[in-house]
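Laboratory data are not the source of any read-out in this text; all were calculated from the coordinates shown. As the structure is a prediction and not an experimental result, all values here were calculated from the model. Here the Cβ positions follow ideal geometry from the backbone for every residue, glycine too, while neighbour counts run over all protein chains shown.
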Amino acid sequence: MTEAARASLTRYTADRPLALLTDWPPDAGGGGAVIFRSLLGPEERERIVWMSPSPPSKPGAADSNTVFLRAGSAERGRRSVGLDSTFRAGALAREALAAAEDRGARALWVVMHYAGVAIAARLARAGRLPLHLTVHDDPAFGVALRSKRYLALVPWIERDFAYALRHATSVDVIGRGMAERYRRRYGVGSTIVHRALDGPIAPAGDYDSARNGLRVGVLGSTYGYGQLPLLARAVEVAAGRLGVAPRLLIVGQGHGEQLRAEFAGRVEVESTGHISEAAAVSLLRGCFALYLNYPFGRRDAVLRQTSFPTKLSSYVQAARPLLVHALADSSTTPLVGPDGYATAWADLDPARGAEALAAAWGRAENHASRHEAAERVRREHYDPDHNRRALFAALDALVPPMGGQGRAS
């Protein structure tokens, strides 16, 4: 971290902490937690009061700067995001504000995910402390619209989201598509902040096709099961044409077992369950290509156009080529270029997927390490200095000059 970035950080935490509210606890997994842990080191964490309506994932994981909000449903048994986003949102906001003020917090920082949206809107209405918002997935049209459980809440989530955005002092988002959408739809400016990932990317070594055949890796969520059988069929067809073994590696708590059962005897499917990112990257380095997808449905459009997959930051560490399976309007489409590092598969036809895999296989450079191409992606999206400076610059808006009042973006 440069001295400029460090100065930006200390400007707003030198004498008073920030109060950060997330729907998930500080020790959670998932993309949002990965992003935050990469941006906030031990020094920053000491200056943040972390509040959540979710208890720590593991007993004893909380520290003195962690506040479990007890006005939510989790205090009374099994947690309900729906209850915390509706009937309990007001009480949660009041408890969060009281906890922040009791700790002498300078400002509030809320991640707009699940109950965080409703709580943020109520904190904005209270107007007691400056408010910064972080958006990784559009909560109304990128998450709730795609969910049977929360579909009916879309109008209310959109209402609260719009109000909070328009009354926030500053906002950071996950990508250009999201920033453009919020400028058009809400008249709100924002700063783009990605995960911080150190480089350079280390070489992966040559791909051992004789040992591994056509092995494609999949990390984490694929937004449902539907596209995985299409991938398996594409791998099966391409491997048959190439005269090698068809193999899939499913890393994480996904649909590996279901896929293995469906393609038994046709495609070898290895499923790891949950493992650390370091272990995942090590396994992914033994794959020919890595599968990066977004869903194709009309209700998936906002997700695909405005979000940006955290798993890409893990993929670039593996230094293997990418298979980008999404419509051309996806935020991931710009990854596809003439260097062949990312190959596009832009429909739901497994035959086209097989053609894309065969084309990637036919490029000699894809049988060597692709660390140089991966390093370019890392520098463009995940450079630590750039992303920390961008985040801290956005947070600087919470500190009004000369003791004045901050203004909304």
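Count the net charge of all other residues whose Cβ sits under 13 Å from the Cβ of Glu270, scoring Lys and Arg as +1 and Asp and Glu as -1.
+1
Between Glu365 and Thr272, what length comes free when the chain is fully extended (0.36 nm per residue of separation minus the Cα-Cα distance, one decimal in nm)?
Additional length available on full extension: 30.7 nm.
Please state the equivalent ellipsoid semi-axes for segment 49-190: what are the square roots of 5 times the Cα gyration tensor eigenvalues, largest first, in whole Å?
24, 19, 14
How much length is gained if the chain between Phe87 and Arg299 is pulled fully straight, taking 0.36 nm per residue apart and subtracting their Cα-Cα distance, in nm to one decimal?
73.6 nm
Order of 283-291, 384-392 by packing, highest average Cβ count within 10 Å first?
Listed from highest to lowest mean packing, they are 283-291, 384-392.
Output the peptides 330-343, 168-181 sorted from most to least packed, where packing is the average of other Cβ atoms within 10 Å over each peptide's residues.
168-181, 330-343
Stretched out fully, how many nm does the piece from Arg211 to Gln253 gain, at 0.36 nm a residue minus the Cα gap?
The span from Arg211 to Gln253 would gain 12.5 nm if fully extended.
Among 300-307, 146-153, what's the highest-first ranking by average C-beta atoms within 10 angstrom per residue?
Ranking the peptides 300-307, 146-153 by packing returns 300-307, 146-153.
When all alpha-carbon pairs of the chain are counted, what percent fall beyond 39 Å?
That tail contains 21 percent of the Cα-Cα pairs.
Measuring from centroid to centroid over Cα atoms, what is the spacing of segment 297-356 and segment 39-91 in Å?
34
Would you mind calculating the relative contact order of the chain from Cα pairs under 8 angstrom and at least 6 residues apart, reporting the percent as a whole number?
Relative contact order, the chain: 18 percent.
To the nearest 10 degrees, how steep is helix 3-13 against the longest Cα principal axis of the chain, on a 0 to 90 scale?
40
How much net charge surrounds Ala115 when only other residues with a Cβ under 9 Å from its Cβ are counted (Lys, Arg +1; Asp, Glu -1)?
-1
Under 11 Å from the Cβ of Gly297, count the other residues' Cβ atoms, weight Lys and Arg +1, Asp and Glu -1, and hand me the total. Please list the in-between numbers first.
Values: positive: Arg146, Arg298, Arg299, Arg304; negative: Asp300.
Summing Lys and Arg as +1 and Asp and Glu as -1 gives +3.
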